[in-house]
Every structure is written in C-alpha cells, then in structure tokens.
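These notes concern the structure reproduced below.
The values are calculated or read from the model by the stated rules, or taken from the named source; none is laboratory data. Everything quoted here is computed from the prediction, not taken from an experiment. Note: ideal-geometry Cβ built from the backbone for every residue, glycine included; neighbour counts use all protein chains shown.
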Amino acid sequence: MNKAVTEGLILMPPPFSEGLQNWSSGNGTPGSPSYDGAPNAAFVPSDPDFGGCLELLKNQATQRVRWYGQTPILPGLFLRVTVRLKALSGALPTVRIAGFAANTGGNAVGGVTTTGPDTMLESYGDVVTVSAIIGTGPRGGVDLNWAGAAYGHLGLDLTGPNGGLVRIDDVQIEDVTSFWLRDLMDWVDVKDHGAVGDGVTNDRQALISAAQEALGTRRSLLVSEGTYFIGANLTIQVPVRFQGTLVMDMETRLQLSHSFDLPTYAAAFGSEDMGLRKGIQALFFFTNHVDFDLKGRRVQVEAPIDVAALTGLTAFAQRRRIVNGQIDLVSGPAWAETVINAQATYSTANALRLDNVANIANVPVGARVEGTGVGREVYVKSRAIGANRVILSKPLFGGSGTRSYTFRKFQHILDFSGFETLDRFEVADVEFLCKGEASAISLPTEGAIFQAKGCTFNRPFPKGITSTGDGCQGMLVDNCQFLSNEMALPAQNRESIALNSNANDIKLRNNRVVRFAHFAVIGGTGNIITGNHFFQGDTQQNAARTAGIVMTRVNLLTTLSANYIDNCYIELTNEHSANPEWANQFSFGGLTMTGNFFLCSNVTPNFRFFRIKPYGEGHFVQGMQVSGNVFRTINGSIDRVEEVDTSRASLRLDRFRNVIWENNAYNGINTPAESPLVLRHDQNSANSTWTINTGQKLPFAGWARTVPSFVMEGAPRGPGNEVRTGMPYVLVQDGPNNDRVRMIWPNATRGRAVVTVRVDAPL
C-alpha cells in the first residue's frame, strides 16, 4: 500500500535547492517566519555528504524547521519523516523530528504528541539519521499518534545549547503503511508459516501453526493460492478463507469448527460435490456444530453419498442435521441400479431369513426382494456370506419353499444403510433433485427418530425415503413435498413410492404427495398420519386407482386425521406375515380415521376409498372407528366407499368387534355405510314378523349382528286398529346374507319402528 502512488497524495517536501522560502522557523502555518533571508540560514549547493543542503546556526532554544506545505494525515496512513544531518562546529545540539498537527480548520489538534525521540549529535562531521513515524492510532512503532489530525507541517527541531552550526539534508516523507499491512489485515496467511502449496508436500503442520496464530490474535486464516496436501485429520478452529485448495484422502477429515458450511468446504476442495461429502463426514465428529448448512446453495453430486463409508462409522446417536439447500443429481452410470436373480429357500419357521441363497456375494445389502410370495417393500437387511443367508426386513407371505427371487438395489443420493444404528439424524429444508434416476434417502439398518422437515423430494425413483430395516423407528416426515417422476403415466402403470417404513411410531404430517403409485407402505404400528394431501389421479376416463397408504400390520394402533385423500384409497393388508391365516391373534383393527376428506373423479363404480385385503383366512375387523369424514365423487358415482378384497382370502363377518362407522358425509356414493345404522321401518300390514333389511348399508356389507335399541314411532296397532302393548323381540343375522333383522311380535301388528343395527357384537 502506498497512497502517494495509489491516490496521488503529495507527501515529499521540495528540496532546499528550490529556495528557503518553503521553510519556516515557526510552526509552518501561514504567516509564520521564513528562513528566506534569515541571517542564520543559508543554502549550501555542494556538500560532500549531502549535495545541496541547509546550513543552519542554532540561535533559539528550540530551533524549528517546518515545511509550509500541508502533508495529509489520513486514517490507516503511516508516514515516516527522515532527516540526515551533521554538526560542523560549536555546541553540539540535540535533534528530533517534529511537526504541527492541524485539524480541518487549520487549528492545532490538542492532546497529541508533536515531537519524536531525541537524538544527540556527539561529534563533528559524522552524518546522523533521525526519523519518526506518524499515524492516527496507538499502534506499536508509531512515534506521533495524531488521531483527529487532517494534515501537518512537518520537519525537525534542534534543542540544547545555542551556537552550534549544522548542515541538514533534504527532509524525506514517505508512506510506510506497508510496515503495518499484515497487522491491518484480519487474516494470517498459511504461507507465512511455511506452507508450500505444491500439492505434494504435506502442509498440515503449517496450517496448524497459522491457525494457532490466528486464534491467538483473533484473526482469520487465509489459505492463499496453491494446492495444499493434508496428510492427516485437520481441525481449524478459526474463520478460514480459501483462495487455494486442499488435497486430502477420502478417509482424512477436515473439521472447520468455525466456518462449518458448504460454501467454505466447497472452496476448500474446489468442488461442491467434494465439499458436501467432506462436510457431512465432519458433521459426525466433534465440530461444535449440529447442522451442516448448505447456505441455500445447489450442490451437484455425481455419485451416491455412502455416509457410513465416508465417516468410517457404523453407529452414531447424537442429533445431527443437513439443512438449507438443494442437492442435484448429475446423470451418469453411478446411479444405475443393481439387479441380481438368485434362488433361495424360505421357511416360515425362520420368518426373517432366506437360506441357501445362490450367488449371495453379489446380493447387495439394502436390495429390494421381489418374487412369488413376497409382499411390497421387503428388503435385504443384512447377509451372512459364509452361511449363504440373507436377513429380511419383513417376512414373506408365500409359505415355505425354494423359489427364484430378484434382488434389486436402487441408488440413493444420501445412503445411510451402512449404519448398523443411527439415531436422531435430520434433513431440513433441502430439495433433492433426483431426475427419475435415483431415490433420495436410504435409512440405516437400525435407529430412531429420523426426521425430514420442509424438504422437497423432486422426481425420486423408485423411492423418496427408503427403510431397509428398522432405522425408521419413530420417523417424522413433516411439511415435505414429494413430486413423482411418473406424473404423466396412468395411475395403474406407476411404481414409485414416496416412502416406506418397517418399524413403529411413524409420524407423517402436513405433506403434499403428487402422483406416486403409493404415498406410503407402512409396516409398523403406532402411527400418526395427519394433515397430508396425497393425490394419485390422472387424465384417464373410467380410470383405475392405486392405494395411497398401504398398512401391512393387522392391529395398527394408528390414526388418520384431517388428510386430503385424492383419487386413491387406504388399504389394510397382512402381506408381511409368514403365516397370514388368523391363529387366535389380533386381527384387522386398531385404526381411527376421523376428519378426512376423500375425493375421486372419473373412476369406475367399483372404486373404493377403503379396502381390507387379507392374505389368509379367518381374519375379521376388531377395533375400528371411521367418523366425521367426507366422501365425495366427481364426474360419476361409486357403489360404496369400503370393501373387502377377497382375491386372496375373505373376512369373517361373524366376528366383527368394536366397529364404529358413523357421522360421515357421502356425496355421489350409492350405498353409504353406517354402524350403528339407524333404520326406520314401516310395517303397513299387520304381521307378527317384521323383516328389516339393512340394504347392505352396514360397513363392508356386513352382518346385522346386534340391535342395541329400537323404538316405536306412534302406537303399534293390530288389524282392527287396536293398540298393541305386547313387547316384541328381535332376531339378528337373518336372511341369506345375514344382513337382516326380524322383529317378532306376540300378535299381528303394524306400525313404524326406528331400529338401530350394528355390524359388530358386544365385547
């Protein structure tokens, strides 16, 4: 820095050869006395040491020499005033640099030092150099702190005894701000500590040393131009700025404890992809940070991020988050799925095992299992190559036997499946741009409380979030958007799924899910599904529809409330049971559906909003409440909202328990379901037997199993209009479909009865 050059400041006084009228014997201000014509001052044109110089006889106690010119004093500008002189005869004086500090009005600045250190001339003829530095702050090395000064009249003072004759060389004023440049900057350059930056030399220790200085001086670290090889883990605890880049092995960690964000890591490695990987790697170690912040940046990644391999960990149980940005898949072969076909043996006695797996070394952990007798979303949880054995995420329903299976491993942008356990990991406000080439997130084998919040899963295929084991325990998916890669396809041709789960206690809240084959395949219990809008329609007429949510446990402990369920349905199955027949265990139930809005359009009359599909005989409904929902059709009507899919097995309608289906609104539904069902029966001709038909209005066209109450509207009367006072009794489960009730009177009777019928029996 040199303001004389950069800003054209005039600092240097004229030489004495241009005339002594430029020099004052006072303080240099206008009107102060001049040396021009003074009897004690003369210009000497040819001195052997100085050339032209001022010869001056000291005749005042303080003999001043000041330049009339105004030398600017600026904040951050440091000036060095230098004078060379020698004594010729007489008394030897003392010399010092001095000046007059003026404010913008030309008045003296009070409270500042105006003279530099004293130097005594000790002999005749010896050239002595004196200097002082002027600045605007109390920095080390500054002799004259002129804070508040606008300019100065600079020169020197001679003090001590009078009568001495001296010769003075031209006064030099120069900008020496560069002396303080490093102190003025708020960074420490790693090259000042010996970093080479050739990409080969291990510069780790130099960076540590520079970081220690920066920490001690409360400055930041500058990694200047160059390529710095770092041979071991490196932690930097101060703010850091990268002009150059680092080279590290993949397993070597960079922990930027202060500048822990994607832009800094991307700058450190000259690559956003590598910066993201190294930042995630450091997130799992001590960096004083819970979040790795993408700072709203888009990161393009060229291959899946295997987080367990990247960190070298298989277990982690502290809260960590990736937040605030966009991760964009770069198309390429790294995203190709792996497909292995192999024969294996399944036994219901070991419901989570496949034995004698051929080609097991090539069967990937995390692969989806497909084949006869395999339910939806069953995965390879682990494998034992020596034993030719695979551990499954869920049982198979197809019974024991040896069959051929397909193992399909899909790639994920963030892959946590290598963790044996991972707890409390979160992704917040991140968009995954999957481009139909990969899935977004694969969860760990075991773990709890994974959370996705405020994220967008853009065109994942075939999955948004995949659970290959029990790492979904307590999973929370809140305020996310899932946008299918298959929007243009008819609903029945889609295969992508927004998410699946195997473990319990899932919370799906306030999400928007657009045109997948399924929103969720849920394999656990204790779920809360609320506030979601999932729609799976298309532009077809008389269209087929797929399940929005599939739940594969029979006793669910699950609530669905305040959802907008659009052109899809809720499906209950037990396809993840090795022995799907009922065997004295809980059956379908434990489900509450309240306050939902169901809508469909352009569908065939056999469409249903709610289906139960048993995979084995003997099951029934036990503990289900469906209330306060709205069911509506557009462009057509449907027969009813609920049914049993009997393609594999039927339900036992004679065993329904605790089924409440009431206070729902039906629009465009030909046969609305209700239980307790309130019927008004008019018996116009006197008869001792009244047959009351439920009209298949009981849920699932079920049996009339209970009549908890009836009441007569008006007096019951006999054939002669006489009032009957005898009490009737009822017979339930009447007729070929067991859906009628008979009222038996002591005598022939006519009248109107209001009868309440239930599809279930008392507990």
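Looking at segment 199-226, I want the residues that are more than 14 Å from Gly244 (Cα to Cα) and in the same structural domain as Gln255 (by TED's automatic domain parsing) and have a partner that is part of a strand (DSSP E or B) and among the hydroxyl-bearing types (Ser, Thr, Tyr) with Cβ atoms under 7 Å, at least 6 apart or on another chain. Which pairs are those? Taking only residues 6 or more apart or on different chains, the pairs are Ala214/Ser220. For segment 300-327: of the residues being more than 19 Å from Lys409 (Cβ to Cβ) and of a type in the set (A, V, I, L, M), which is surrounded by the fewest Cβ atoms within 10 Å (Cβ to Cβ)? It comes out as Ala317. Every test in (1) under 14 Å from Gly194 (Cα atoms); (2) in contact with a strand residue (DSSP E or B) (Cβ under 8 Å, 6 or more places away or on another chain) is passed by Val238 save one, and that test is (1). Within segment 409-458, the set of residues being farther than 19 Å from Glu377 by Cβ and outside any strand (DSSP E or B) comprises Gly418, Phe419, Glu420, Asp423, Arg424, Lys435, Gly436, Glu437, Ile449, Gly454, Cys455.
For segment 195-254, the set of residues classified as assigned to a helix (DSSP H, G or I) and touching a Lys or Arg at 6+ places or on another chain (Cβ under 9 Å) consists of Ala206, Ala210, Glu213, listed by residue number.
Considering only residues of segment 368-408 that are of a type in the set (A, V, I, L, M), part of a loop (DSSP other than H, G, I, E, B) and in contact (Cβ under 8 Å) with a residue 60 or more places away in the chain, which is farthest from Pro462 (Cα to Cα)? Lay out the reasoning, then the answer.
Restricting attention to segment 368-408, the residues satisfying the condition of being of a type in the set (A, V, I, L, M) are 369, 374, 378, 380, 384-385, 387, 390-392, 396.
Still in the list and also part of a loop (DSSP other than H, G, I, E, B): 374, 378, 385, 387, 396.
Checking the rest, the ones that are also in contact (Cβ under 8 Å) with a residue 60 or more places away in the chain come to 378, 396.
Numbers: Val378: 14, Leu396: 21 Å.
Taking the candidates together, the pick is Leu396.
All conditions but one from (1) within 24 Å of the chain's Cα centre (by Cα); (2) aliphatic (A, V, I, L, M); (3) crowded, with 20+ Cβ neighbours inside 10 Å apply to Val514; the one that does not is (3).
State yes or no: is Thr671 more than 24 Å from Thr559 (Cβ to Cβ), in a loop (DSSP other than H, G, I, E, B) and β-branched (Val, Ile, Thr)?
On the way: more than 24 Å from Thr559 (Cβ to Cβ): yes; in a loop (DSSP other than H, G, I, E, B): yes; β-branched (Val, Ile, Thr): yes.
Spelling it out, Thr671 is indeed more than 24 Å from Thr559 (Cβ to Cβ), in a loop (DSSP other than H, G, I, E, B) and β-branched (Val, Ile, Thr).
Checking each residue in segment 131-142 for being in contact with a Pro (Cβ under 8 Å, 6 or more places away or on another chain) and modelled with pLDDT of 95 or more picks out only Ala132. Hey, any hits in segment 140-147 for a residue that's over 23 Å from Leu9 (Cα atoms) and either of a type outside the set (A, V, I, L, M, F, W, C) or outside the structural domain of Arg219 (by TED's automatic domain parsing) (or both)? Looking for residues that are over 23 Å from Leu9 (Cα atoms) and either of a type outside the set (A, V, I, L, M, F, W, C) or outside the structural domain of Arg219 (by TED's automatic domain parsing) (or both), one finds at least one in segment 140-147, hence yes.
Looking only at segment 730-737, decide whether some residue is touching a residue at least 12 places away in the same chain (Cβ under 8 Å), among the polar types (S, T, N, Q) and either in the same structural domain as Trp582 (by TED's automatic domain parsing) or in a strand (DSSP E or B) (or both). Yes.
A single entry from Arg640, Arg632 fulfils the requirement of being surrounded by 15 or more Cβ atoms within 10 Å (Cβ to Cβ) and part of a loop (DSSP other than H, G, I, E, B): Arg640. Restricting Thr136, Thr114 to those that are crowded, with 16+ Cβ neighbours inside 10 Å and touching a residue at least 60 places away in the same chain (Cβ under 8 Å) reduces the list to Thr136.
Tell me which residues, restricted to segment 599-629, are outside any loop (DSSP other than H, G, I, E, B) and of a type in the set (Gly, Ala, Ser). Write out each step before concluding.
Kept after step one, since they are outside any loop (DSSP other than H, G, I, E, B), are these residues of segment 599-629: 599-601, 603, 610-613, 619, 621-627.
Residues satisfying the conditions are Ser601, Gly623, Ser627.
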